[in-house]
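Heads up: the structure comes next, in structure tokens.
The values are calculated or read from the model by the stated rules, or taken from the named source; none is laboratory data. As the structure is a prediction and not an experimental result, all values here were calculated from the model. Glycine gets a Cβ as well: all are built from the backbone with ideal geometry, and neighbour counts include every protein chain shown. With ligands, DNA and RNA removed, areas are computed over all heavy atoms of the protein, side chains included. Shrake-Rupley method; radii C 1.70, N 1.55, O 1.52, S 1.80 Å.
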Amino acid sequence: MTAVAGATARKNASRSSGVVRRWLRRLPAYTLLIVCSVILLFPLYVTAVFSLHPLTEFLKEGAPSLWPSFWQWDNYFASGEGVSDTPVGRYLFNSFVMSTVITLGQLITATLSAYAFAFLKFPGRNALFVAFLATMMVPLEVSIIPNFQTMQWLDAHFTEQAWLSWTHIRFIDGFPGLVAPFLATGFGTFLLRQYFMTIPRELLDAAEMDGYGHLRTLIHVVMPLGKGALATLAIFAFLQAWNQYLWPLLVTNDPNMRTVQIGIAAEAANISRINVAFAGTIMAFLPMLLLVVAFQRYLVRGLFGGSVKG
Amino acid sequence: MARVFFEGITKRFGDVYAVRDLTLEVQDEEFFVLLGPSGCGKTTALRIVAGLEEPSEGDIHIGDRVVTEVPAKDRDLAMVFQNYALYPHMSVYDNIAFGLRMRKHSKDEIDRLVRDAVATLGIAELLKRKPGQLSGGQRQRVALGRAIVRRPQVFLMDEPLSNLDSKMRVQMRSELIRLHRELGATFIYVTHDQVEAMTMGARLAVLNEGRLQQVGTPQDVYDRPENLFVAAFIGSPAMNLLDAEPAQVDGKACVRAGGVDVALPDALAKQLEASGASSLVMGVRPEHLDLSVKEPAVTFEGKVDLVESLGSEQHITVAINGNSLIARIAASEKIEHGASFQLAVAPQHVQLFNASTKERIGP
Ligand SMILES: Nc1ncnc2c1ncn2[C@@H]1O[C@H](COP(=O)(O)OP(=O)(O)OP(=O)(O)O)[C@@H](O)[C@H]1O
Ligand SMILES: [Mg+2]
């Protein structure tokens, strides 16, 4: 009896000391993660605090306080002096339309090309795929000038030639110009192809025997199975489009066509309203935050490149 | 009419020959088994019939049509894949109805056909589940349902039972045989499991390295393997194979194997002489070796190396002059490891193969 009780007590003791040991073992990792998080989140915190300061806080001696002293929500909402008074709604709308179209475009082009690379046999397939991958190595800055010239050329044609001008399509100061270079990417093709390759070949064979052609197989078999990968691509594409700066700056001059990033930057240039600019930054950021929180698992899965399945 | 005829089918993948010059006729409504070890080209042969793979050479005939150029969907056949190939995102109902949706059936008709199929297979209560919520046996049935719902003339089955546990396998074996009888369709059934091949097929074909080795009824192939590969592949435990050479004793033809002269039946002796073979392999099935055989018999002597008791019988490995023989002996015999032991075989059970051509000698 006592021997049994003693054994149980020992077991409990060793179990709790095991918990402590486990925590101790993880301590360095957690410390590192916390430090990194603080470093990453600090600028965001500063922006959030500054967006609530009154303008006077920036005009006095020394650095502005790192703690919101006054909570001036008017920076966001007051008519005549808040963000809501700038065309921020218009900016957000522009950003949203641009990002949505880019996302849809990438989903469509990447699904089709990834299907071809994953399942079809055609001469030059591997060479072509390598070429697709190579485009991932080309930084935006390299292609931006030729792309811009292409847009100018297109715009000139569409405005000057009668048989095109009736369409009212604009490549400068218009959505077509904002989205065109980003509708198809090597990254999207690569991401989806890697996932499609994990789909058992027999599923496609079975569909083929049942009389499903490529497009139907894509819609009824491959896309439903690749939902997770499609979601990952969608969120990456949307985030990237939303955060673009250089390209929208280049192809838009009309304030009405500004995206939120540019609009806010223009606002910030107006130094007398720096607190409002900070509020605008937060507003530009909030939709992203919501998106990331909502689709976190697809982001993580995308980063791990299919090695983690869920 | 749905006989399936392989006419000189060859399939190359780069330098690899998956199937080599395969000519084979499967009768209408036959249960035909393709048997062979892993990698021998069974799946490839089946995929060529299905139209999922194009032969490098040769033609496939189904019924009276040459279908080599006909797309898979128009060949009027259904395939059950080794891993079932169920669509994980669809319910059982949708999985089974999937193939019908492409074939201009009305909604009511699809519903009736699906319900007929699941009733035949006894899975009516699973219609709403997803494949992930099914056991292996249930998935197997859904895969079958997907095939039978279209009522094709030919069924192609690629090792459909290999993922099931042994009990389930026995049950599904008899169910497939029943299904075949009810459907009256041609079945081509691929397996590497000789028990399945022996019990299910009306006829079977043995393949090795893409080449056809032998075609016949299971009993035929078991009793008269045409070459050493088939002899060694069919049967468990495998046939005993001993190096042998022709000899003469008292003017009678015999073979010397394992240090023993085995007198041959007249017919076999004649054929041996006609073949002119100088080096031989002698084959004896384990069930033909016994403690004693009614005369005339040949006796091998050796030491017991291994005793494997299976409950109903025991497999005894006996070392004989550097060879070893396996015998199936009644479980009632007390046999001890290391003991001296005698095994007898009646001459009519001896099989001979030409060691250089590896072909069978004899009737
Ligand atoms: N798509 C392919 N590309 C290249 N080689 C292939 C391909 N498919 C099959 N092979 C090769 O052809 C040979 C026969 O393959 P197959 O799948 O037909 O064998 P199997 O008899 O079905 O084997 P298992 O019992 O393991 O399923 C193998 O050597 C295999 O590696
Ligand atoms: Mg196979």
Query - Spin-label model distance (nm) - B:VAL307 vs A:ILE34, 7 Å beyond Cα toward Cβ - result: 7.0 nm
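Counting pairs of alpha carbon atoms under 8 Å apart in space and at least six apart in sequence, what relative contact order in percent does chain B give? Intermediate results must be reported in sequence, preceding the final value.
Numbers: 751 pairs, mean separation 55.8, N = 363.
Relative contact order of chain B: 15 percent.
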Query raised in the report: Once amide H atoms are placed 1.01 Å from N in the peptide plane, what residues at a sequence separation of 5 or more from B:ARG65, or on another chain, have their amide H within under 5 Å of its amide H?
Result: none
Query raised in the report: What accessible area per residue comes out for region B:240-361, rounded to a whole number of Å², with a 1.4 Å probe?
Result: 52 Å²
Report task. Could you work out which residue, out of B:VAL190, B:VAL19, B:VAL149, moves most in a Gaussian network model of chain B, that is, has the largest mean-square fluctuation with Cα springs under 10 Å? Result -> B:VAL149
**Report entry** All lysines inside 20 Å of B:LYS252 as judged from Cα atoms, apart from same-chain residues fewer than 8 positions distant
**Finding:** B:LYS270
**Report entry** Long-range HN-HN contacts of B:GLN214 with modeled amide H, under 5 Å
**Finding:** B:VAL206
Query raised in the report: Chains B and A: how much accessible area gets covered up at their contact, both sides added, probe 1.4 Å, in Å² to the nearest hundred?
Result: 1700 Å²
Query - Karplus-derived HN-Hα couplings along region B:336-341 (A = 6.51, B = -1.76, C = 1.60, θ = phi - 60°), whole Hz, x at Gly and Pro - result: 10, 4, x, 6, 6, 8
**Report entry** Between helix B:107-121 and chain B: long-axis angle, C-alpha atoms, 0 to 90°, nearest 10
**Finding:** 30 degrees
Report summary line: Over 21 Å (Cα to Cα) among A:LYS227/B:LYS130; A:LYS121/B:LYS42; B:LYS107/B:LYS128 -> A:LYS121/B:LYS42
Report task. Output ³J(HN,Hα) for region B:196-201: one whole-Hz value per residue in order, computed from phi by the Karplus curve 6.51 cos²θ - 1.76 cosθ + 1.60 with θ = phi - 60°, and x for Gly and Pro. Result -> 4, 4, 5, 7, 9, x
Report task. Could you go through region B:74-90 in sequence order and give the Karplus-derived ³J(HN,Hα) for each residue, using 6.51 cos²θ - 1.76 cosθ + 1.60 with θ = phi - 60°, rounded to whole Hz, and x for Gly and Pro? Result -> 9, 9, 6, 9, 10, 10, 10, 8, 4, 9, 6, 6, 7, 7, x, 8, 10
Query raised in the report: Taking B:LYS303 as the anchor, which aspartates and glutamates have their alpha carbon closer than 18 Å to its alpha carbon, excluding any fewer than eight residues away along the same chain?
Result: B:ASP290, B:GLU333, B:GLU336
Report task. Sequence neighbours fewer than 8 away in the same chain don't count; with that in mind, list the aspartates and glutamates whose C-alpha is under 13 Å from B:LYS104. Result -> A:ASP210
Report task. For chain A, set up a Gaussian network in which alpha carbons nearer than 10 Å are linked by springs, and say which option among A:ALA279, A:ALA127, A:ALA29 fluctuates the most. Result -> A:ALA29
Query - Carbon and sulfur %, accessible surface of the protein assembly as shown computed with the full protein complex present, 1.4 Å - result: 58 percent
Query raised in the report: With contacts defined as alpha carbon pairs under 8 Å and 6 or more residues apart, what's the relative contact order of region B:240-361 in percent?
Result: 29 percent
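Give the shape of chain A as rounded, prolate or oblate, defined through the alpha-carbon gyration tensor: a ≥ b ≥ c are the square roots of its eigenvalues, a/c under 1.5 means rounded, and otherwise the shape is prolate if a/b is larger than b/c and oblate if not.
On the way: a/c = 2.71, a/b = 1.08, b/c = 2.51.
The shape class here is oblate.
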Query raised in the report: When chain A is treated as a GNM, springs tying every alpha-carbon pair under 10 Å, which of A:ASP210, A:ASP155, A:ASP254 comes out with the largest mean-square fluctuation?
Result: A:ASP210
Query raised in the report: For B:ASN354, what charge total do you get from the other residues with a beta carbon under 13 Å from its beta carbon, if Lys and Arg give +1 and Asp and Glu give -1?
Result: -3
**Report entry** Mean separation of Cα contacts under 8 Å, 6 or more apart, over the residue count of region B:6-165: relative contact order %
**Finding:** 24 percent
Query raised in the report: Roughly how tilted is helix B:266-275, in degrees to the nearest 10 and between 0 and 90, from the longest Cα axis of chain B?
Result: 80 degrees
Query raised in the report: Tally Lys/Arg at +1 and Asp/Glu at -1 over every other residue whose Cβ is under 15 Å from the Cβ of B:GLU333; what's the total?
Result: -3
**Report entry** Long-range amide H partners of B:PHE31 with built H, under 5 Å
**Finding:** B:PHE187, B:ALA202, B:ARG203
